[in-house]
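Below is one structure, written out as structure tokens, with a few remarks after it.
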Amino acid sequence: MRNVKTSLQAKILSEFDRMLKVVSLPPEPPTIKTPLSQKVYVHTDPLELKQTQGLMRINHTGEICAQALYFGQALFAKDAKTHAHLIGAASEEHDHLYWCQECLDDLGTQASALNYFWYSQSFLLGAFAALFGDKTSYGFVIEIEKQVEEHLQEHLTIISKKDIKTQAILKKMQEDEIRHGQQARAAGGVELPNAIKKAMGAMSKFMKFLVYRI
């Protein structure tokens, strides 16, 4: 029993260290280069710039939340294959995080000051979901990726079509999120109750409202 507790404590400390690195340090270079990395668009309209900054801040925080969710789920995954699947998905979300950080740099703005909070709550959500088994855990992935896909589509309609780099990044992210959801369903993910879906949607709206501004 002592070894089990020690092992869990070590894992939790390791995850705490990971949170500090993900939130406070610049992301490490991605495995896939940023789409259209040289095509930086200079916004001449202050209102358009402010809007794009806010939307990309949301996407940046979303990628932090995605990594936290997957690592939280992986911590209590029941099956080694599920664990490997989740860690692989988290790696792709890291690429997205790097791309979003590059966009924030291009736009001359900072990431949200609330990212420690959002990482923590996403990690706890993932860990909580995993306690109910891999199928339920995958069900959370299906629903979250569906909601992310929808908000990315909304952002694609708002952000200027002239900003082809940001457009390309969001489209590639959207493709990956759709694939993650499909993979989770193929792995046996179950549909969540509507009440849980609505609660997740409400939390997502609250996050977007705050992060757009802070």
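Which numbered condition trips up Q147, out of (1) more than 12 Å from the chain's Cα centre (by Cα); (2) among the polar types (S, T, N, Q); (3) at pLDDT 90 or above?
So Q147 meets the others, but not (1).
Name the residues in region 66-77 that are within 8 Å of the chain's Cα centre (by Cα) and surrounded by fewer than 23 Cβ atoms within 10 Å (Cβ to Cβ), would you?
none
Here are the criteria: (1) assigned to a helix (DSSP H, G or I); (2) over 18 Å from K171 (Cβ atoms). Tell me which single one T52 does not satisfy.
(2)
For every residue, the table says whether it meets (1) within 30 Å of F16 (Cα to Cα); (2) in contact with a Ser or Thr (Cβ under 6 Å, 6 or more places away or on another chain).
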{"residue": "A127", "(1), (2)": "yes, no"}
{"residue": "D134", "(1), (2)": "yes, yes"}
{"residue": "K162", "(1), (2)": "no, no"}
{"residue": "K171", "(1), (2)": "no, no"}
{"residue": "I178", "(1), (2)": "yes, no"}
{"residue": "Q182", "(1), (2)": "yes, no"}
{"residue": "R185", "(1), (2)": "yes, no"}
{"residue": "P193", "(1), (2)": "no, no"}
{"residue": "G201", "(1), (2)": "yes, no"}
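L114 fails exactly one of the following numbered conditions: (1) farther than 13 Å from A184 by Cβ; (2) more than 15 Å from the chain's Cα centre (by Cα). What is the number of that condition?
Of everything listed in (1) farther than 13 Å from A184 by Cβ; (2) more than 15 Å from the chain's Cα centre (by Cα), L114 misses just condition (2).
Under 8 Å between Cβ atoms, which residue pairs at least 6 apart in sequence (or on different chains) link something in region 14-41 that is surrounded by 14 or more Cβ atoms within 10 Å (Cβ to Cβ) with a partner that is in a loop (DSSP other than H, G, I, E, B)?
Between residues of region 14-41 that are surrounded by 14 or more Cβ atoms within 10 Å (Cβ to Cβ) and residues that are in a loop (DSSP other than H, G, I, E, B), the close pairs are Y41/S160; Y41/K162; Y41/D163.
Hey, I169 hits all of (1) surrounded by 14 or more Cβ atoms within 10 Å (Cβ to Cβ); (2) aliphatic (A, V, I, L, M); (3) farther than 30 Å from V40 by Cα; (4) at pLDDT 90 or above but one; which does it fall short on?
Failed condition: (3).
Can you tell me which residue in region 99-119 is nearest to M173 (Cα to Cα), limited to those that are in contact with a His (Cβ under 7 Å, 6 or more places away or on another chain) and surrounded by fewer than 20 Cβ atoms within 10 Å (Cβ to Cβ)?
Q101
Applying the selection to region 96-116, what residues are touching a Lys or Arg at 6+ places or on another chain (Cβ under 9 Å) and under 15 Å from Q67 (Cβ atoms)?
H96, W99, C100, A111, S112, listed by residue number.
The values are calculated or read from the model by the stated rules, or taken from the named source; none is laboratory data. This is a predicted model, so every value here is computed, not measured. Heads up, the Cβs are rebuilt from the backbone with ideal geometry, glycines too, and the neighbour counts pull from every protein chain shown.
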